[in-house]
Amino acid sequence: MSTIAFIGLGNMGRPMAGFLLKAGHQLRIYARRPEVFQNEAKHLIEAGAIACSSPAEAAQGADFIITNVMGTQDVAEVLHAGSEAAIKTAKSGAICIDHSTIDPQGAKDIAAVMASKGVAYVDAPVSGGVKAATEGTLVMMMGGSDQDVAKVKEIVKNYAKTITHIGGVGHGQVAKLCNQIAQVINIQGVAESLRFAQANGADLQKVFEAISGGMAGSRMLDLMGPKMVSRDFKAGIEARLHAKDFFLVKDASTKSHLDMPALQTVAVQLEKLMASGWGYDDTSSLLKVLEA
Ligand code: NAD
């Protein structure tokens, strides 16, 4: 059994940490808001996790340092840039596993800093959302050396159903962003399709049923179509997370002069969605952006 530092106990992190405790690992957990230990994460403490007051305290003696925070700056802050970052205490030979979705170049930069202290790094972003995290059936994309990935798989298999080693550090994040590009452009397509049906006075439910059995059928149509038809915009998948990832890809593609016109258009729609205050609602709210 391993000693694992777990940093970031949000919607995704909490169930993942629960699986590690269940598997018998010793968990040292850190949450930015200490009240989390008395509330959302109380069950983890009751199951034996040790509450820590900083990433550095959590990383003490850890074989693995798992992060599940938000963006690139957040991962950098908890691992090396903050005043109480994990790097201050991390032992040589430890491996960082980052499940956050961040910039691939940012992942490489963080890995280089950690390597200066003999700490390895594997980017391991996930797909499947809170449902798959709770069920332990996440889809995971990994970037790192063969040796590190082999060790990390033994840990993350407790909550991941499909694990694909894509390539070197950063390539897990590249794959995750590919997932987001294909997914969210598809959601925008579903929204425009149903908006067209609506504008032409057609029955949305019947249109959905007809097209989901045809060549337009897709996982995203199956997931988002019924939500749009019934106007159930409760998340689901919080649009703020898709927006964060889309803005990341938009910046990266602009910097490398990549022509991605659909991505650019959908990014504008997500900006409008966020400006409307719907970030904590489901990404099916892209339909409401079209209606507005
Ligand atoms: P969340 O907002 O529920 O949780 C994030 C947690 O990270 C919070 O507890 C927050 O306090 C903590 N955090 C953020 N910045 C921090 C910092 N600088 N220092 C310390 N703690 C910090 O979000 P989530 O849904 O759990 O998502 C976490 C990551 O997983 C994100 O990168 C997200 O894009 C990715 N992700 C989410 C989903 C999903 O459906 N929710 C699916 C796949 C991937």
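The values are calculated or read from the model by the stated rules, or taken from the named source; none is laboratory data. Because the structure is predicted, anything quoted here is derived from the model rather than measured. Don't worry about glycine lacking a Cβ; one is built from the backbone with ideal geometry, like all the others, and counts go over all protein chains shown. With ligands, DNA and RNA removed, areas are computed over all heavy atoms of the protein, side chains included. Shrake-Rupley method; radii C 1.70, N 1.55, O 1.52, S 1.80 Å.
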Give, in nm to one decimal, the length gained when the segment between Ser83 and Ser2 is fully stretched (0.36 nm per residue of separation minus the Cα-Cα distance).
26.6 nm
Along principal axes, largest first, the alpha-carbon spread of the range 88-212 in whole Å comes out as 65, 28, 24
Any chance you could run the full-extension gain for Lys153 through Ala47? It's 0.36 nm times the residue separation minus the Cα-Cα distance, nm to one decimal.
35.8 nm
I'd like the carbon and sulfur percentage of the solvent accessible area for the chain, probe radius 1.4 Å, heavy atoms only, ligands and nucleic acids excluded.
54
Excluding residues on the same chain fewer than 8 positions from Lys227, give the lysines whose Cα lies under 20 Å from its Cα.
Lys131, Lys206, Lys272, Lys288
I'd like the Kirkwood hydrodynamic radius of the range 3-168, using the inverse of the mean 1/r over distinct C-alpha pairs, in Å.
15.3
Of the convex hull enclosing the alpha-carbon atoms of the chain, the direction-averaged projected area in nm² is 15.7
Over all directions, how big on average is the projection of the convex hull of the alpha-carbon atoms in the range 163-212, in square nanometres?
4.4
How many percent of the alpha carbon pairs in the range 223-267 exceed a separation of 14 Å?
58
Within the range 254-292, name every residue whose backbone N is under 14 Å away from a label modeled 7 Å from Cα of Glu40 along the Cβ vector.
280
Each label point is 7 Å from the Cα along the Cα-to-Cβ direction; what then is the distance between the points at Ala182 and Lys22, in nm?
2.8
Cut-off of 10 Å, at most 13 other beta carbons, DSSP loop: longest stretch of the chain lacking such trypsin sites (Lys or Arg not before Pro)
1-230
When the gyration tensor of the range 175-291 is built from Cα positions, what are the square roots of 5 times its three eigenvalues, in whole Å, from largest to smallest?
24, 15, 12
So how much slack lies between Phe247 and Lys161, counting 0.36 nm per residue of separation and subtracting their Cα-Cα distance, in nm?
28.2 nm
Quick check for you: which residues of the range 29-64 have the amide N under 13 Å from the point 7 Å beyond the Cα of Val130 toward its beta carbon?
40
